[in-house]
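S.K.: Quick one: structure below, then a few questions.
Values quoted throughout were computed directly from the atomic coordinates according to the rules given, and no laboratory measurement underlies them. In this text the structure is predicted, and so the values were computed from the model without any measurement. Because the Cβ atoms are built from the backbone with ideal geometry, glycine has one as well, and the counts that use them run over all protein chains shown.
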Amino acid sequence: MLISEPKIAIFPGSFDPFTVGHEFIVNQGLPLFDHIIIAIGHNTQKKSLFSLEKRKYWIKKIFATEPKISVESYTNLTVNFAKENKAKYILRGLRTAADFEYERAIAQMNKALFPDVESVFLLTTPELTPITSTIVRDIIRHGGDATKFIPQALSQEDFEIK
Ligand code: ADP
């Protein structure tokens, strides 16, 4: 009997914060893979608005009932993190042509570094296209109501900046 290897994908990002746009991509990816590791890229040189602990906490809460999803953080190269976790796929979301150009360069460089890893792009919906972490971060930072842009499992209090 041939036992096939589980299809593991990583979904890397900053998730500062995690938005409904990210949630959509993960949910669309679920039927394609046996396991998705949401991988929070943690750059010690780059200041994020939300702590790593908080970002992990939200993602765990959003996908609490989904056994196919786990959350990790990493500081090394994305392809190396994929390799360490036996992930053959890198899942990314596309909103616009600008996203495509940016993602194309990263995916082709990743392929040059580690040919066994395939990047998989999923297209977002028209309603989710304008949602970026940068804008949601600004709304939260300036006390606006960001509930429409954050996953339903979370509340605005989860995003309080302390
Ligand atoms: P990074 O800093 O690596 O770009 P992000 O957290 O901004 O990390 O995004 C992670 C992934 O989620 C990227 O592939 C990005 O294109 C995708 N993404 C972000 N927002 C949306 C959205 N509204 N719809 C679909 N994909 C999205």
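S.K.: Residue by residue through the range 19-36, which ³J(HN,Hα) values in whole Hz follow from phi under the Karplus form 6.51 cos²θ - 1.76 cosθ + 1.60 (θ = phi - 60°), with glycine and proline marked x?
M.R.: 10, 5, x, 5, 4, 4, 4, 4, 5, 5, x, 3, x, 8, 10, 7, 8, 10
S.K.: Next question. Please give the residues of the range 6-34, grouped as numeric ranges, whose backbone N is less than 15 Å from a label point set 7 Å along the Cα-to-Cβ vector of L113.
M.R.: Of the residues in the range 6-34, 10-14 have backbone N under 15 Å from the label point off L113.
S.K.: Between E101 and N27, what is the label-point separation in nm under the 7 Å Cα-to-beta-carbon projection?
M.R.: Between N27 and E101, the label points sit 3.1 nm apart.
S.K.: Using Cα-Cα distances under 8 Å and only pairs 6 or more residues apart, what relative contact order does the range 1-50 have, in percent?
M.R.: Values: 44 pairs, mean separation 25.5, N = 50.
The normalised contact order for the range 1-50 reaches 51 percent.
S.K.: Starting from the Cα gyration tensor of the range 49-128, take the square roots of the eigenvalues, sort them a ≥ b ≥ c, and report rounded, prolate or oblate (rounded when a/c is under 1.5, otherwise prolate if a/b is larger than b/c, else oblate). Numbers along the way, then the final one.
M.R.: On the way: a/c = 1.76, a/b = 1.20, b/c = 1.47.
Since a/c reaches 1.5 but b/c is at least a/b, the shape of the range 49-128 is classed as oblate.
S.K.: Could you give me the ³J(HN,Hα) list for the range 89-105, computed from phi with Karplus coefficients 6.51, -1.76, 1.60 and θ = phi - 60°, whole Hz, x at Gly and Pro?
M.R.: Those phi angles translate into 10, 10, 8, 9, x, 10, 10, 9, 5, 5, 4, 4, 4, 5, 5, 4, 4 Hz.
S.K.: Please list, in chain and number order, the residues 5+ apart from T19 or on another chain whose amide H is under 5 Å from its amide H, with Hs placed from the backbone.
M.R.: none
S.K.: With r as the distance between the Cβ atoms of S73 and I139 and R0 = 30 Å, compute the FRET efficiency 1/(1 + (r/R0)^6) and round to 0.05.
M.R.: That pair, I139 with S73, gives E of 0.75.
S.K.: Also, I was wondering about something else. Using label points projected 7 Å from each Cα along Cα→Cβ, tell me how many nm separate K7 and Y57, to one decimal.
M.R.: Output for this residue pair reads 3.5 nm.
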